[in-house]
Structures are given as structure tokens and as C-alpha cells.
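Everything on this sheet refers to the single structure shown next.
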Amino acid sequence: MYYFDHSATTPLLPEVSELINDINREIYGNPSSVYSSGRKSRSIIENARNQVANSISANPEQIIFTSGGTESNNHVLWSLLNNNHSHVVSNKIEHPAILKVLHFLSQYGLKYDLVGVMSDGIVSIEEIEKAILPDTSLISLMLANNEIGTIQPIKDVVEIAKKYNVLVHTDAVQCLGKMEVNVLDLGVDFLSLSAHKFYGPKGVGILYAKDPKKLSSLIIGGGQERGLRAGTESISAIAGMGLAAEHCVESLSEKRELLIKLEKKLKSGINKFHKKAIYNGNQSKKLPGLINISFPKNQSNIIMAKLDRDGIAISNGPACGSGDVKPSPVLSEIGLDNQTNLSSLRFSFGSTNTGEEVDYLLNKLELNLTK
């Protein structure tokens, strides 16, 4: 398969797969047990905690293991129910793991306002500040969007939030391995990551908390994760995530250069045979290797089906079910009409993609697209 959907999920690194298999086969002690096999399991977990912490310039005690970005986002938002200041500022192109949770929690008294974005997919700092109320306790803003890749001005948002004593959370699920993710530089209070987006296993992620005492437990039970996330840890998945995090920040500049090179090759090729292609979102303030393109006079679901027959995996960004493809809310927010919206495809490259693979993709696109 020619795989160009790394924003959806990434393949396991071979060394990560090997580590997971070795641990599943050999290390089965409960990490909360005091005997030797339990202590070995605990050691593996804490080593992974260090690896993840180092990858984002955090302290190990600020890392809470979760089942992924969705749980991490939920953990932050549900914790606000214990806060007298229960108003949240977010934006209209956040992931459903933020937007749907905010809507759900409104029945329990959580209030929120969603600011829009400009036509390039970037939020207005002024609009964020205007939305802050006396009872605002949190601003939640994606570091980079999963459909169009635009990078939000998180550091500027943090500066504004400080003036009002408001905490900041960022969903950074798309970012590790594509850009530097440094919590000290960003200044955020909370940050969510999911291992399967950076060549680790599915079903595991982290929540970074500058001050874990500001969180309440989302899952109640035992005392795991310093009482903030009950349940026996998945040792092999956590270890796999730790190794993947360590690998994805090694030689980051070279990995970015590859993604940029592949992106330029794709755009250059498309510009030669489809002059009306529209590149959605800010093309300079974005993740490398994630490109959302509208092809007027084409339907994305039809093109995806044709490319799938050629062994090519891409997406149209939003989820579809039962063959019912709907316009992407993200693309609607940046001003695309429904017809253009439904002609859009998302290409997201990874570290194993090659120039030859992009040539194959371009060839099949040219054959299947209506000009």
C-alpha cells in the first residue's frame, strides 16, 4: 500500500513493535506489586515516563499516562466541574474530543464560548481575549489542526491568559515528530498526546500537567498515576510509546526536511496538471507534510475510492459513515462552500514515504481527476 494518511494514524516503528512483543512475552508482573517482577514492570513504566517527558521538555512527575488524546482532553475538561470558575474558551475547528465534551458537560453547568478562525484557519488573538469572562478558567486550543495543519499562536494565547489568571490546554496530538513540542517554551498548563500519531501503539497517550494538583481523577479506582488515573497500566503499550517518543525527536530537523521535500514535490506536480487546485489553510504556518487540497469539479469520496483501487490510502479529513460523506466543519469554518468542501482531500506524509511514492500518487491523481 502507498500510505499517505499519517495524520489518521502511523505504522509502528519496527523497534517499537519488537519491544512491545518482548515485554508482552517476558514481563507480566503487576507494576503495583512489590515483588521483583512487579518492580521490573514499574521500572519499565518509569523509564517510559522519562522518555516522554524528555521529548517535550517536561518533568517526569508531570506526565500522566492515559488511553490517548481523547481521554487526555476529557480529563482536563471534566476536572473543571470541581472549579467555581467553569467557563471555557475554545474555537470552532477543535477536534470533536474537545467540542463534543464541552457540549456534553454544559448539562452539568460548564459554560463555554467558541471563537471562529480567519480564512487561513488561524484564530484571532483579539477574539480569544474578547471571549474571556470573569469566570473563565481555561482556554483550550489545538497546537495544530488535524485537517489543515495550521499551527495556532499558542504562546501568544498563553501571554493573554496569564493576564487573566486563566489556564491553557493544548491538544498537540498531531505535532510530536513534525515540530518541536516544548512545554517550557509554549508555557501551557496542560498538553495532550496520542502515541499512535508518532509511530507508537494505539490505545495509549499522555496528559502533561504543569501542576497535576489542578486535576481531579477522571477514572476512579486504585491509586495508579498518583491517584489521577486508576487502572492497571498497559506496560508494553507505555514502553512502546516511550521508545516512539524518543525516536521521533531524534534528528527532528532531518525528518522535517523530508516531509517538506515530499510536500513540495506533491504541490509542484499538482500545479502542473490541475491549475484550479486550492490549498486550504495557511501554507506557511502549518505542519510539514500535511496538505489539504480542494479539487473543484471532483468529489472526494469518488477520488478516494479510485485511488484505493490503485493501492493508495488518503482521506478527506472528516470522518464518514455508511458512505454518507458530509462537508468538513473545519473547511466550512474557513469559508469553503459545500461543493468545494466536498472536493477536498487530505494528504499526510510520514518518515517512510519516498519521492518515488509521491510520483506514483501524482500519476494516479492526474489520471483520475477531472480538470
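Here are a few things to note about the model shown:
- With respect to being on the phi > 0 side of the Ramachandran plot and assigned to a loop (DSSP other than H, G, I, E, B), S57 fits the description.
- Residues (buried (at least 19 other Cβ atoms within 10 Å of the Cβ) and either of a type in the set (D, E) or in a helix (DSSP H, G or I) (or both)) located in the range 6-28: V16, L19, I20, I23
- Residue tally, condition within 14 Å of E147 (Cα to Cα) and surrounded by fewer than 24 Cβ atoms within 10 Å (Cβ to Cβ), over the range 162-177: 1
- As a summary of the residue check, T66 satisfies the conditions (1) under 26 Å from S328 (Cα atoms); (2) crowded, with 22+ Cβ neighbours inside 10 Å; (3) not hydrophobic (A, V, I, L, M, F, W, C) except for the one numbered (1).
- Options S140, S86, S119, S90: the member that is surrounded by fewer than 21 Cβ atoms within 10 Å (Cβ to Cβ), closer than 21 Å to L218 by Cβ and touching a residue at least 12 places away in the same chain (Cβ under 8 Å): S86
- When L133, L176, L186, L141 are screened for being of a type in the set (A, V, I, L, M), within 20 Å of the chain's Cα centre (by Cα) and under 24 Å from L81 (Cβ atoms), only L141 passes.
- Look at the range 344-371: where a residue is farther than 13 Å from Y2 by Cα and a partner is part of a strand (DSSP E or B) and acidic (D, E), sitting 6+ places away or on another chain with Cβ atoms under 8 Å, you get R346/D5.
- All positions within the range 299-315 that are part of a loop (DSSP other than H, G, I, E, B) and buried (at least 18 other Cβ atoms within 10 Å of the Cβ): I314
- Among the candidates S137, S124, residue that is within 17 Å of N73 (Cα to Cα), of a type in the set (S, T, N, Q) and in the same structural domain as N165 (by TED's automatic domain parsing): S137
- Selection status of L218, outside any helix (DSSP H, G or I), within 21 Å of L105 (Cβ to Cβ), in contact with a strand residue (DSSP E or B) (Cβ under 7 Å, 6 or more places away or on another chain) and not charged (D, E, K, R): no
- Checked against (1) over 24 Å from Y199 (Cβ atoms); (2) part of a loop (DSSP other than H, G, I, E, B), L99 passes all but condition (2).
- Sub-8 Å Cβ pairs linking a first residue in the range 31-43 that is part of a helix (DSSP H, G or I) to a second residue that is among the polar types (S, T, N, Q), at least 6 apart or interchain, are G38/N30; G38/S32; R39/S33; S41/N30; S41/S33; R42/S32, ordered by first then second residue.
- Qualifying position, being under 25 Å from A195 (Cβ atoms), surrounded by fewer than 18 Cβ atoms within 10 Å (Cβ to Cβ) and out of contact with any strand residue (DSSP E or B) (no Cβ under 8 Å at 6 or more places or on another chain), among S251, S268, S284: S251
The values are calculated or read from the model by the stated rules, or taken from the named source; none is laboratory data. Since this is a predicted model, take the numbers as computed values, not measurements. Note: ideal-geometry Cβ built from the backbone for every residue, glycine included; neighbour counts use all protein chains shown.
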